[in-house]
Amino acid sequence: MKAQQILIAGPYRSGTDGDPQRITANLARLEQAALAVYQRGHVPVIGEWLALPLAAAAGSTQVGDAVSEAFLYPVAHRLIAQCQAVYRIEGASAGADNDVRLANEWGLTVYRRLEEIPSVQA
(Lines give C-alpha, C1' and ligand atoms only; values in the text may rest on other atoms or scores of the structure.)
Protein backbone atom coordinates (compact mmCIF):
# COMPACT_ATOMS: atom_id res chain seq x y z
CA MET A 1 0.00 0.00 0.00
CA LYS A 2 1.12 3.52 -0.77
CA ALA A 3 1.22 6.08 2.06
CA GLN A 4 -2.01 8.01 2.44
CA GLN A 5 -2.58 11.60 3.44
CA ILE A 6 -4.96 11.24 6.38
CA LEU A 7 -6.90 14.04 8.03
CA ILE A 8 -7.12 13.67 11.80
CA ALA A 9 -10.65 14.65 12.87
CA GLY A 10 -11.66 15.14 16.48
CA PRO A 11 -12.53 17.73 19.08
CA TYR A 12 -10.63 20.99 18.96
CA ARG A 13 -12.95 23.52 20.63
CA SER A 14 -15.73 21.08 21.51
CA GLY A 15 -16.24 20.58 25.22
CA THR A 16 -13.85 23.38 26.19
CA ASP A 17 -16.22 26.29 26.89
CA GLY A 18 -13.56 28.39 25.17
CA ASP A 19 -10.93 27.61 27.81
CA PRO A 20 -7.53 28.00 26.08
CA GLN A 21 -5.92 25.27 28.21
CA ARG A 22 -8.62 22.78 27.27
CA ILE A 23 -8.36 23.77 23.60
CA THR A 24 -4.60 23.21 23.82
CA ALA A 25 -5.22 19.80 25.40
CA ASN A 26 -7.57 18.87 22.56
CA LEU A 27 -4.97 19.93 19.99
CA ALA A 28 -2.40 17.79 21.82
CA ARG A 29 -4.75 14.79 21.50
CA LEU A 30 -5.09 15.45 17.76
CA GLU A 31 -1.32 15.72 17.46
CA GLN A 32 -0.74 12.47 19.35
CA ALA A 33 -3.11 10.78 16.91
CA ALA A 34 -1.19 12.40 14.04
CA LEU A 35 2.07 11.04 15.42
CA ALA A 36 0.62 7.53 15.58
CA VAL A 37 -0.57 7.80 11.97
CA TYR A 38 2.87 9.04 10.90
CA GLN A 39 4.49 6.11 12.68
CA ARG A 40 2.31 3.80 10.58
CA GLY A 41 3.92 5.31 7.46
CA HIS A 42 1.30 7.86 6.42
CA VAL A 43 1.16 11.66 6.14
CA PRO A 44 -1.16 13.01 8.85
CA VAL A 45 -2.71 16.46 8.62
CA ILE A 46 -4.80 18.47 11.05
CA GLY A 47 -6.96 21.28 9.71
CA GLU A 48 -5.96 23.64 12.52
CA TRP A 49 -2.30 23.34 11.49
CA LEU A 50 -3.23 25.27 8.36
CA ALA A 51 -6.29 27.24 9.43
CA LEU A 52 -4.90 28.89 12.57
CA PRO A 53 -1.86 30.55 10.92
CA LEU A 54 -4.01 31.64 7.96
CA ALA A 55 -6.63 33.13 10.29
CA ALA A 56 -3.91 34.92 12.27
CA ALA A 57 -2.45 36.35 9.06
CA ALA A 58 -5.96 37.55 8.15
CA GLY A 59 -6.30 39.38 11.47
CA SER A 60 -7.81 36.86 13.88
CA THR A 61 -6.98 37.71 17.48
CA GLN A 62 -8.49 34.65 19.16
CA VAL A 63 -10.00 31.29 18.32
CA GLY A 64 -13.70 31.68 17.73
CA ASP A 65 -13.66 35.26 16.48
CA ALA A 66 -15.30 36.04 13.15
CA VAL A 67 -12.03 35.89 11.24
CA SER A 68 -11.03 32.47 12.59
CA GLU A 69 -14.53 31.14 11.92
CA ALA A 70 -14.08 32.12 8.27
CA PHE A 71 -11.07 29.77 8.09
CA LEU A 72 -11.44 26.81 10.46
CA TYR A 73 -14.07 24.73 8.68
CA PRO A 74 -13.42 25.87 5.09
CA VAL A 75 -9.71 25.01 5.37
CA ALA A 76 -10.55 21.57 6.78
CA HIS A 77 -12.97 20.93 3.92
CA ARG A 78 -10.39 21.90 1.29
CA LEU A 79 -7.88 19.69 3.05
CA ILE A 80 -10.22 16.69 3.13
CA ALA A 81 -10.55 17.00 -0.64
CA GLN A 82 -6.77 16.40 -0.85
CA CYS A 83 -6.76 13.38 1.47
CA GLN A 84 -7.28 9.70 0.87
CA ALA A 85 -8.75 9.05 4.32
CA VAL A 86 -9.97 10.54 7.60
CA TYR A 87 -9.10 9.23 11.05
CA ARG A 88 -11.91 10.16 13.45
CA ILE A 89 -10.60 10.07 17.01
CA GLU A 90 -12.90 9.83 20.01
CA GLY A 91 -14.74 12.77 21.50
CA ALA A 92 -17.86 14.75 20.73
CA SER A 93 -17.33 17.22 17.89
CA ALA A 94 -19.88 18.49 15.38
CA GLY A 95 -17.04 19.71 13.16
CA ALA A 96 -15.31 16.31 13.14
CA ASP A 97 -18.63 14.61 12.49
CA ASN A 98 -19.09 16.92 9.50
CA ASP A 99 -15.59 15.99 8.30
CA VAL A 100 -16.64 12.33 8.39
CA ARG A 101 -19.86 13.13 6.53
CA LEU A 102 -17.87 14.85 3.77
CA ALA A 103 -15.37 12.01 3.62
CA ASN A 104 -18.20 9.52 3.21
CA GLU A 105 -19.83 11.66 0.49
CA TRP A 106 -16.53 11.87 -1.37
CA GLY A 107 -15.85 8.13 -1.08
CA LEU A 108 -12.87 8.41 1.27
CA THR A 109 -11.97 5.78 3.81
CA VAL A 110 -12.91 6.68 7.38
CA TYR A 111 -10.90 5.04 10.13
CA ARG A 112 -12.22 5.03 13.68
CA ARG A 113 -9.45 3.06 15.38
CA LEU A 114 -5.72 3.28 14.88
CA GLU A 115 -5.54 -0.47 14.34
CA GLU A 116 -7.70 -0.10 11.21
CA ILE A 117 -5.02 2.02 9.52
CA PRO A 118 -2.66 -0.25 7.60
CA SER A 119 1.05 0.15 8.14
CA VAL A 120 3.15 1.13 5.16
CA GLN A 121 6.65 -0.22 4.72
CA ALA A 122 9.17 2.49 3.83
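The values are calculated or read from the model by the stated rules, or taken from the named source; none is laboratory data. Everything numeric here is computed off the predicted structure, so don't read it as measured data. The protein model used for the area step is the full one, side chains on, heavy atoms only, and it has no ligands, DNA or RNA in it. Shrake-Rupley method; radii C 1.70, N 1.55, O 1.52, S 1.80 Å.
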Notebook entry, point to check: Which ³J(HN,Hα) values, rounded to whole Hz and listed in residue order, are derived for region 30-38 from phi using the Karplus coefficients 6.51, -1.76 and 1.60 in 6.51 cos²θ - 1.76 cosθ + 1.60 with θ = phi - 60°, glycine and proline given as x?
Noted result: 4, 5, 5, 5, 4, 4, 5, 5, 4
Note to self: Could you give the length gained by full extension between Arg22 and His77, i.e. 0.36 nm per residue of separation minus their alpha carbon distance, to one decimal place?
What the structure shows: 17.4 nm
Checklist line | Rounded to 10°, Cα long-axis angle of helix 94-105 versus longest principal axis of the chain | finding: 40
Notebook entry, point to check: Which value, in Å², gives the accessible area per residue of the chain when a 1.4 Å probe is used on the protein heavy atoms?
Noted result: 56
Next item on the list: May I ask you to give the percent of accessible area on the chain that is carbon plus sulfur, with a probe radius of 1.4 Å?
Entry: 53
Notebook entry, point to check: Under a 5 Å amide H to amide H cut-off, with H placed in plane at 1.01 Å, what residues pair with Ala9 once short-range neighbours are removed?
Noted result: Tyr87, Arg88, Ile89
Next item on the list: Treating the angle as unsigned and between 0 and 90°, give the value, to the nearest 10°, between the Cα long axis of helix 47-57 and the longest Cα principal axis of the chain.
Entry: 30
Item checked: Selected from Arg88, Arg101, Arg13 as most flexible by GNM, with the chain as the system and alpha-carbon contacts under 10 Å -> Arg101
Notebook entry, point to check: Just from its helices, what would the mean residue ellipticity at 222 nm be for the chain, if runs of 4 or more DSSP H residues each count -39500 (n - 2.57) and the sum is divided by every residue, rounded to the nearest 500 deg cm²/dmol?
Noted result: -15500 deg cm²/dmol
Notebook entry, point to check: Given H placed 1.01 Å from N in the peptide plane, which residues other than close sequence neighbours of Val43 have an amide H under 5 Å from its amide H?
Noted result: Gln4, Gln5, Ile6
Note to self: Using each residue's phi in region 7-22, evaluate 6.51 cos²θ - 1.76 cosθ + 1.60 at θ = phi - 60° and report the 3J(HN,Hα) Karplus result to the nearest Hz, with x for Gly and Pro.
What the structure shows: 6, 8, 10, x, x, 10, 9, 4, x, 9, 6, x, 5, x, 5, 6
